[in-house]
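Reading through the C-alpha cells given below for one structure.
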Amino acid sequence: MLYHLYLNLSDAASPAATTAHLIGSLNFFVAVPFSMGAMQGKYISFDITQFVQRLGASAINGELHVIFAPAGTPEAEAQPTLASLKIVRA
C-alpha cells in the first residue's frame with residue numbers, strides 16, 4: 001500500500017493544494033510486521049528544502065505538521081507504523 005506524506009496540509013485543502021503540500025510517498029508493499037524485525041534499521045529521507053521554499057514562509061509559519069495518508073483504501077487489518085519522524089532545520 002502506498003502512503004503519501006503531506007506537510008502542513010489543511011483539512012479543507014483543495015486537490016491542487018493537496019498536491020502542492022505533497023512531500024513524497026512510502027510503499028509498504030514488501031513490508032512485514034515490525035515485530036519480525038525486518039524493518040529495523042531502515043531509513044528513508046526526503047529533502048524538503050525546495051518544497052518549503054516553494055510554499056513560502058506564510059505556508060509553513062509556526063509548527064510543521066506531517067500527515068501520513070493512504071493513497072487508497074488499506075486492508076482492514078493493516079497497521080502501518082513509522083518508528084520516528086524528524087524534520088531538521090538548518
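Please treat every number below as a calculation from the coordinates, not as lab data. Note that this is a predicted model, so its numbers are computed, not measured. Here the Cβ positions follow ideal geometry from the backbone for every residue, glycine too, while neighbour counts run over all protein chains shown.
Neighbour counts of other Cβ atoms within 10 Å put 65, 4 in the fewest-to-most order 65, 4. In terms of other Cβ atoms within 10 Å, 85, 26 run from fewest to most in the order 85, 26. The ranking of 73, 18 from fewest to most other beta carbons within 10 Å of each one's beta carbon is 73, 18.
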